[in-house]
1. Among B:ASN161, B:PHE147, B:TYR193, which residue has its Cα positioned farthest towards the positive end of the charge dipole of the protein assembly as shown, with +1 placed on the Cβ of Lys and Arg, -1 on the Cβ of Asp and Glu, and the dipole taken about the Cα centre?
2. Using the crude model of +1 on Lys and Arg Cβ and -1 on Asp and Glu Cβ, and no other charge, please compute the dipole size for the protein assembly as shown relative to its Cα centre, in debye to 20.
3. How big is the B/A interface in buried accessible area, both sides summed, 1.4 Å probe, to the nearest 100 Å²?
4. How much length would be gained if the chain were fully extended between B:PHE191 and B:ASN161, taking 0.36 nm per residue of separation minus their Cα-Cα distance, in nm to one decimal?
5. Amide H of B:SER31: which non-local residues (sequence gap of 5 or more, or other chain) have their own amide H closer than 5 Å, using H built in the peptide plane?
6. Lysines within cross-link reach of B:LYS66: Cα-Cα under 27 Å, excluding same-chain residues under 8 positions apart?
7. Work out from phi, with θ = phi - 60° and the Karplus expression 6.51 cos²θ - 1.76 cosθ + 1.60, the ³J(HN,Hα) of each residue of segment B:72-80, listed in order in whole Hz, and give x for Gly and Pro.
8. Taking only protein heavy atoms into account and a 1.4 Å probe, give the accessible area per residue of segment B:41-199 in Å².
Amino acid sequence: MRRILLVLFIVATVSTAAFAETITTTVNGMVCAFCATGIEKTFRKQPEVATVHVDLPKKVVTITTKPGKTLSDAKIKEVVTYSGYTMGTITRMK
Amino acid sequence: MKTFNQLPYYLILASLVLGGAAKTAQAKPLSYVGGTMVMQENDETGHTLSIDYTFDPHFALGLYSKYEINQKEFWMVGPEINTLIKRWNLPDGQGNIFSMTGVGTARQGGNTQLAAWAYFLADYETRRWFFSYEPRFTYAGNIEKSFWQRGYAGFAPYLANYDQLNTWFLIRLDHHPAKNEHFVVTPVIRFFYKTIWLEAGYSSNNHVMVNWTVQF
């Protein structure tokens, strides 16, 4: 029984770690495409980030992390602030 | 009381305090950290070329050059520093106050003078509306001493997404208190796509205006 639980634990851990995470954040102040470039480029420089998508009408940035990687809320806030904007609400999906 | 001849030293001091050099424009004078911006303007006041590197969310350093043609011709060049003094990030809009100041030289024929300039830009934009106001102070010894101001107001006829061509219709009003034509009005059409920005217009004093900016 212990072995089964151990195997299940390892499988669960490995599979969780192998998944990429999709994070969306609303951004206050992001009103033009010219301005949004800074956010896109700054997120792309993060080693954990695989893709970045900007939805200007909704003022939302969607980040997909590399498998097994994540970005903390604090890091996302730091990137958005460093780009000159204010972070809104964060939503995460594995 | 300060004489006008002492003005350059106060402008230099203001430049050092505020950051800054000259620039133009309604593309914002800062890009993202690590970004380089090349901006070129051709309008009824002259021809401008500037290159700026943004090294901090609030500061960009660069080189500014302008060939002035508004009544008297002279060339001005120097390093500039652009400063984001204040930004308001709102859910549906953004407001900014920038300063753009610099110190360099001005040349008119064989006459070379110390030059200093301080421009300020206040803007507010939403996805639909854009407004800006920009007072400019220039000192170039016995070549030029001027204050003039510029305002833009405009709207986007459609709301484009990030990876689509954005189009704006604007009216630009320049006020030159020391020139023969105090007021110059220019209807402007502006396009931008991601990091490329272009605007064109034709002024009330019959000058073609073409400005462009590229970030990389």
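1. Going by the charge dipole, the pick is B:ASN161.
2. Numbers: 30 positive and 23 negative charges, 230 e Å.
In total the dipole reaches around 1100 debye.
3. Working: alone 10420 and 6330 Å², together 14540 Å².
Chains B and A together bury approximately 2200 Å².
4. Numbers: separation 30, 0.36 × 30 = 10.80 nm, distance 1.30 nm.
Between B:PHE191 and B:ASN161, full extension yields an extra 9.5 nm.
5. B:THR54
6. B:LYS23, B:LYS28, B:LYS86, B:LYS145, B:LYS179, B:LYS194
7. 10, 9, 7, 10, 10, 8, x, x, 9
8. Values: 6680 Å² over 159 residues.
Each residue of segment B:41-199 exposes 42 Å² on average to a 1.4 Å probe.
The values are calculated or read from the model by the stated rules, or taken from the named source; none is laboratory data. Fair warning: this is a prediction, and the values are worked out from it, not measured in the lab. Please note: Cβ atoms are built from the backbone with ideal geometry, for glycine as well, and neighbour counts cover all protein chains shown. Ligands, DNA and RNA are stripped out before the accessible areas are found, and what is left, the full protein with its side chains, is counted by its heavy atoms. Shrake-Rupley method; radii C 1.70, N 1.55, O 1.52, S 1.80 Å.
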